[in-house]
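This report refers to the structure that appears directly beneath it.
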Amino acid sequence: MSERKYFSPLARGLHWAMALMILAMLFIGVAMVASTGPAYHRLVGLHRPLGIAILALAFLRLVNRVASGAPPLPTTLPQGIRILAGSSQVALYLLMIALPLVGWAMLSAGDYPVSMTSGVTLPPIVSPDPALYASLRGLHTWLALGLFGVILAHITGALVHGLLLRDGVFQAMLWRRPQASTRIE
């Protein structure tokens, strides 16, 4: 039996949906910090439910990844690159889960509601505490910057595989099947 060369359709769908959501979230977060007045409140209204949706999908994605695995990396990749690839995947999953949880805890500590839609508000996950709120706000910012950095590294690695190495790693996450010459061997 041959090894699987592509991610499952569910894994690919979650990957690309979350990629769009996370990039949107990063830009919304930056715009939110730079805004005041009505624009700020509209952005917060997008930021909170999008963060919780990312959290829920990250757990679904993690369960799917554990259950269905991933195609193996090419044996031609040096061990150091293989370790770096695995470490960056772990960092992505940790940040996709930690960042929304820290945001939720931050809002809870600030005694702010986490409103998903009108009439749907999540329960606080920590007690109100102004000092904790301030700490979590800083942590939320640093985690967001870390996520941005890991995403840049992830995109760089994908482009190296897709454009330079042409070893099938990038194609394994695409919807269109690659031609035979670009498959992982």
Fill in the blank from the handout: Flagged in region 96-112 as more than 16 Å from Ser127 (Cβ to Cβ) and surrounded by 21 or more Cβ atoms within 10 Å (Cβ to Cβ), in numbering order, are Met96, Leu99, Pro100, Gly103
Fill in the blank from the handout: Those residues of region 54-69 which are more than 11 Å from the chain's Cα centre (by Cα) and open to solvent by less than 40 Å² (accessible area, probe 1.4 Å) amount to Asn64, Gly69
Handout entry: Failed item, numbered, when His41 is tested on (1) at pLDDT below 90; (2) over 20 Å from Met116 (Cβ atoms)
Key = (2)
Fill in the blank from the handout: Reported set for region 124-150 where residues are over 18 Å from Val114 (Cβ atoms), open to solvent by 80 Å² or more (accessible area, probe 1.4 Å) and without any contact (Cβ under 8 Å) to a residue 40 or more places away in the chain is Trp142, Leu145
Practice task
Please work out which residue is nearest to Ile52 (Cα to Cα), limiting yourself to region 103-118 and to residues that are aliphatic (A, V, I, L, M) and in contact with a strand residue (DSSP E or B) (Cβ under 6 Å, 6 or more places away or on another chain).
Solution key: Val114
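I'd like the full set of residues that are farther than 19 Å from Ala98 by Cα, of a type outside the set (Gly, Ala, Ser) and in a helix (DSSP H, G or I), limited to region 16-45.
Trp16, Met32, Val33, Pro38, Tyr40, His41, Arg42, Leu43
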Exercise for the section: Kindly check whether there is at least one residue in region 153-164 that is open to solvent by less than 30 Å² (accessible area, probe 1.4 Å) and at pLDDT 95 or above. Expected result: no
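Quick one: is Leu55 at pLDDT 95 or above and under 15 Å from His140 (Cα atoms)?
Details: at pLDDT 95 or above: yes; under 15 Å from His140 (Cα atoms): yes.
So Leu55 fits the description; yes.
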Handout entry: Selection from region 21-53 of residues that are exposed (fewer than 14 other Cβ atoms within 10 Å of the Cβ) and within 12 Å of the chain's Cα centre (by Cα)
Key = Leu23
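The values are calculated or read from the model by the stated rules, or taken from the named source; none is laboratory data. Everything numeric in this text was worked out from a predicted model, so none of it was measured. Cβ atoms come from the backbone with ideal geometry, glycine included; neighbour counts cover every protein chain shown. Please note that ligands, DNA and RNA were not included when accessible areas were found on the heavy atoms of the full protein model with its side chains. Shrake-Rupley method; radii C 1.70, N 1.55, O 1.52, S 1.80 Å.
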